[in-house]
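Student: What follows is a single structure, and I will ask about it in a moment.
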Amino acid sequence: MSLRPPDLPSGKRRLTLLGATGSIGTSTLDIVARHPDRFEVVAFAAHKNWQKMMVLIERFRPKFAVLSDHAAARLLENELKHRKTTTTILAGDDALATVAALPEADTIVAAITGAAGLPPIVTAARHGKRILLANKEALVIGGAWFMNIVRANNTVLLPLDSEHNAIFQCLPPVDAARGTRAHGVRKIILTASGGPFLNLPSEKLNGATPEDACAHPVWKMGQKISVDSATMMNKGLEVIEAHWLFGMPPGDIEVVIHPQSIVHSFVEYEDGSTLAQLGTPDMRTPIAQALAFPERIPAGVTPLDLARMRDLSFSAPDIERFPCLMLAYGALRAGGGATTVLNAANEVAVAAFLARQIRFTDISAVNRQTLAAFANVSAPNDLDSALALDQKARRVASERIAHLPAPDFSS
Ligand code: NAD
Ligand code: MG
């Protein structure tokens, strides 16, 4: 008997990969390359790394490749003229939506970082595509109206974020990722590695450099999420993500520090059962789980060696040193457009920190001040209003940054 889902007439999943040149994109393509009988790439999209895109085109031969940066797309097109390829190159933000709606693709892997990834995800949801979601920022910006589009179109939304994928695996399948609370669940507990500054004394956080912040002890990821892990805003964004995916109120979502990153999250049930998903920290596991769902496929991941595992530790997060986590809970409780504002402020603050314009500890200050400037802002109710609020919050955050003294990273 075949367990292959009935919506696969050709027997293959046909993918559009948004964020193809990034860390999640690379892990996804590792799985795709292991299973050519199951997966085929129809389209790639990325920002401006045309050299990497060229390598991907030659290897996977998609029908379309998008670079949102026009100049980079021209360079790619010029380069490909001399090679034998049938790939059509598209440019600009609109082209992201074009490849998210392609009739040839049934599955969208959403792995663009930040607000830039939201419009094509909305397009994919409207077209009822199966969405494998890495881009948590999109859900933080989108919230209720986005989940309404998901439900209205019977869109299957599968989380790639390792914690949410773990929760998805621990919930009854019928309730998972539909935005409604599963029967009998008391709470969900997200694990957090604590990032590179877990044990750094508070007085040293001020002098932390972008290089320090991006040196994550467990995960090798893109720069934005690495900085978010260092501030623990990543966990804050994940609390908001969990709220929308699993229909849990903020009071029933907990965070626990687990530096080894072996337990990827827990679901606690009313009857006293606590279910967890464990695995070697490798994003290929959640990606393979979601790509093959409801089947299971090899992912090239080293299995756990339980007998050699010495220590699995858990502790409460230090909210004094990592205020961004509480800002995220606060924004989720405040409701309205607060999480949209928080995400925009954070994207601007992280970019400024990476550009060495502000200190590490300024990130939470910019986030707090921007949130305060938008007290009681109403919730966006569609893509346009969400993007308008995002832009407004970015301007306010940029003004706050302009008033901050430039950091001195030399001492
Ligand atoms: P990354 O920086 O390595 O890659 C980002 C990708 O997005 C690149 O392909 C880049 O070209 C593309 N991109 C960025 N801006 C774009 C734009 N304006 N238009 C088109 N493409 C654009 O980041 P990553 O670590 O792969 O993370 C991607 C997303 O996945 C983020 O939302 C992150 O929070 C989430 N995520 C990542 C991990 C991880 O382990 N890396 C884990 C969980 C969730
Ligand atoms: Mg995560």
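Student: Could you please find all residues in the range 219-228 being near ligand 1 (Cβ under 7 Å from one of its atoms) and hydrophobic (A, V, I, L, M, F, W, C)?
Tutor: Of everything in the range 219-228, those that are near ligand 1 (Cβ under 7 Å from one of its atoms) and hydrophobic (A, V, I, L, M, F, W, C) turn out to be Trp219, Met221, Ile225.
Student: Are there helices (runs of 4 or more DSSP H) fully within the range 268-359 with at least 1 residues that are basic (Lys, Arg)? List them.
Tutor: The qualifying helices (runs of 4 or more DSSP H) are 284-292, 323-334.
Rundown of residues vs (1) crowded, with 17+ Cβ neighbours inside 10 Å; (2) within 15 Å of ligand 1 (Cβ to nearest atom); (3) among the aliphatic types (A, V, I, L, M); (4) closer than 23 Å to Thr285 by Cβ, yes/no style:
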{"residue": "Pro196", "(1), (2), (3), (4)": "yes, yes, no, yes"}
{"residue": "Asn199", "(1), (2), (3), (4)": "no, no, no, no"}
{"residue": "Ala230", "(1), (2), (3), (4)": "yes, yes, yes, no"}
{"residue": "Leu237", "(1), (2), (3), (4)": "yes, yes, yes, yes"}
{"residue": "Phe246", "(1), (2), (3), (4)": "yes, no, no, yes"}
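Yes/no per residue for (1) without any contact (Cβ under 8 Å) to a residue 24 or more places away in the chain; (2) closer than 22 Å to Ala242 by Cβ:
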{"site": "Ile319", "(1), (2)": "yes, yes"}
{"site": "Phe322", "(1), (2)": "no, yes"}
{"site": "Tyr329", "(1), (2)": "no, yes"}
{"site": "Thr370", "(1), (2)": "no, no"}
{"site": "Ala397", "(1), (2)": "no, no"}
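Student: Looking at (1) crowded, with 17+ Cβ neighbours inside 10 Å; (2) touching a Ser or Thr at 6+ places or on another chain (Cβ under 8 Å), which is the only condition Ala138 fails?
Tutor: Checking Ala138 against (1) crowded, with 17+ Cβ neighbours inside 10 Å; (2) touching a Ser or Thr at 6+ places or on another chain (Cβ under 8 Å), the one that fails is (2).
Student: Quick one: how many residues across the range 31-54 are assigned to a helix (DSSP H, G or I) and within 13 Å of ligand 1 (Cβ to nearest atom)?
Tutor: Selection size over the range 31-54: 4.
Student: May I pose another question? Criterion first (free of Cβ contacts under 8 Å to residues at least 24 places away in the same chain and more than 13 Å from ligand 1 (Cβ to nearest atom)) does Ala152 satisfy it?
Tutor: yes
Student: Here's a follow-up. Can you name every residue in the range 114-141 that is within 16 Å of ligand 2 (Cβ to nearest atom) and either free of Cβ contacts under 8 Å to residues at least 12 places away in the same chain or farther than 16 Å from Leu387 by Cβ (or both)?
Tutor: Result: Leu132, Leu133, Ala134, Lys136.
Student: Right, something else. Can you pull out the residues in the range 198-214 that are among the small types (Gly, Ala, Ser) and part of a loop (DSSP other than H, G, I, E, B)?
Tutor: The answer is Gly207, Ala208.
Student: Okay, next question. Of the numbered conditions (1) surrounded by fewer than 22 Cβ atoms within 10 Å (Cβ to Cβ); (2) among the hydrophobic types (A, V, I, L, M, F, W, C); (3) at pLDDT 95 or above, Met221 satisfies every one except a single condition; which is it?
Tutor: (3)
Student: Got a sec? Which of Thr155, Thr98, Thr123 is in a loop (DSSP other than H, G, I, E, B), within 22 Å of Val41 (Cα to Cα) and of a type in the set (Ser, Thr, Tyr)?
Tutor: None of the other options fit; the residue is Thr155.
Student: Given the conditions (1) within 14 Å of ligand 1 (Cβ to nearest atom); (2) of a type in the set (A, V, I, L, M, F, W, C); (3) modelled with pLDDT under 95, and given that Leu132 satisfies all but one, which numbered condition is not satisfied?
Tutor: (3)
Student: Identify all residues within the range 158-190 that are in a strand (DSSP E or B) and surrounded by fewer than 24 Cβ atoms within 10 Å (Cβ to Cβ); write none if there are none.
Tutor: Those that are in a strand (DSSP E or B) and surrounded by fewer than 24 Cβ atoms within 10 Å (Cβ to Cβ): Leu158, Val185, Arg186, Lys187, Ile189, Leu190.
Student: Check Pro5 against each of (1) at pLDDT below 95; (2) part of a helix (DSSP H, G or I); (3) not charged (D, E, K, R) and name the one condition it does not meet.
Tutor: Here Pro5 meets the rest and fails (2).
The values are calculated or read from the model by the stated rules, or taken from the named source; none is laboratory data. These numbers come from a predicted model, not from an experiment. Here Cβ is always computed from backbone atoms with ideal geometry, including for glycine, and neighbour counts include all displayed protein chains.
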